[in-house]
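Some notes on the structure that comes next.
Each value in this text was obtained by applying a stated rule to the coordinates, not by laboratory testing. The structure displayed is predicted, hence computed values, not measured ones. Cβ: placed from backbone, ideal geometry, glycine included. Neighbour counts: every protein chain shown.
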Amino acid sequence: MERLGPEDYLSNRYIRKLLKLAKTTSRDVFFDLGCGMGRLCVVAVTEFGVERAVGIELHRGRAAKAAEWVNKLGLADRIEIWNEDYMESDLQDATVLYCGHTEVEEDLPYLEEQLRKGSRFVSLFLPFVGVVPAAVDYPFYVMDVPFRKTDDVSLWVSKVLSTEATVDDLTHELDTDREYRYDKRVFKRLMKVRFGV
């Protein structure tokens with residue numbers, strides 16, 4: 001499946017925030033799924049000292065610019081840029097992963113198959129529907145692998161919003177959050193499949 005996200009870029013402050021939340025260290029291999037210009041990979045290597053970083057970018061032009069920038073910075077020995085769909089990539093070396101795309105049905109089963117036990121997956125704006133986050137610092141959610149799934153919708157919503165809340169509360173918050181863009185149809189379908197609501 002081909003997904004091409006918007007050209008959104010996180011500030012270095014947000015990049016540091018998500019890497020700290022994932023407890024990123026020099027023993028980690030960082031993967032950015034939808035890396036754009038590769039900024040997360042650069043910060044992960046230069047500030048967090050990860051062993052290596054891999055940026056995966058579907059858009060050919062962005063991937064080429066990211067690779068060029070990494071070369072100019074002299075980091076090509078520690079950062080790889082792959083021009084491919086991350087849903088067709090080998091992610092098994094990753095210990096920390098980040099993806100800013102909205103979840104679709106194929107994500108969870110694919111990542112459960114690909115990711116190694118003990119790795120951490122950071123998402124933007126929401127954890128996977130039905131997966132309880134291990135850590136939250138909005139807008140980031142860290143999910144440990146193996147993913148901790150729940151069929152308790154109240155528990156999941158409360159973990160997402162960091163307070164006791166209902167599905168209606170969550171839907172209202174998502175609809176009024178100016179930063180969050182999501183496909184309501186996909187979200188409702190995921191909620192129905194995973195929670196029956």
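Some values worked out for this structure:
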{"read-out": "Signed unit charges on C-beta, dipole axis of the chain, positive-most listed residue VAL42, SER158, ALA94", "value": "VAL42"}
{"read-out": "Overall form of segment 1-156 per C-alpha gyration tensor (a/c, 1.5; a/b vs b/c)", "value": "prolate"}
{"read-out": "Three-way shape label, segment 89-197, alpha-carbon gyration tensor, a/c 1.5", "value": "prolate"}
{"read-out": "For LYS117, LYS159, LYS188, order by how many other beta-carbon atoms lie within 10 Å, fewest first", "value": "LYS117, LYS188, LYS159"}
{"read-out": "Label-point gap, in nm, between ALA76 and LYS117 - each point 7 angstrom along Cα→Cβ", "value": "3.9 nm"}
{"read-out": "Dipole in debye (nearest 20) - the chain, about Cα centre, beta carbon charges: Lys, Arg +1; Asp, Glu -1", "value": "460 debye"}
{"read-out": "Distance in nm between pseudo-label sites at ARG27 and VAL193 (7 Å out along the Cβ direction from Cα)", "value": "3.5 nm"}
{"read-out": "Shape of segment 138-197, Cα gyration tensor, a/c cut at 1.5", "value": "rounded"}
{"read-out": "When each of LYS23/LYS159; LYS23/LYS117; LYS23/LYS188; LYS159/LYS192 is checked by Cα-Cα distance, pairs over 21 Å", "value": "LYS23/LYS188"}
{"read-out": "The chain - mean residue ellipticity at 222 nm from DSSP helices (-39,500 (n - 2.57) per run, n ≥ 4, rounded to 500)", "value": "-10500 deg cm²/dmol"}
{"read-out": "For segment 79-133, size of Cβ-based charge dipole, Lys and Arg +1, Asp and Glu -1, in debye", "value": "440 debye"}
{"read-out": "Longest to shortest principal axis, alpha-carbon extents of segment 15-75, angstrom", "value": "31, 22, 16"}
{"read-out": "Segments 62-75, 171-184 sorted - mean Cβ within 10 Å per residue, highest first", "value": "62-75, 171-184"}
{"read-out": "The chain - percent relative contact order, Cα under 8 Å, separation 6 or more", "value": "16 percent"}
{"read-out": "Segment 138-155 residues near the modelled THR163 label - backbone nitrogen below 19 Å, point 7 Å along Cα→Cβ", "value": "138-141, 154-155"}
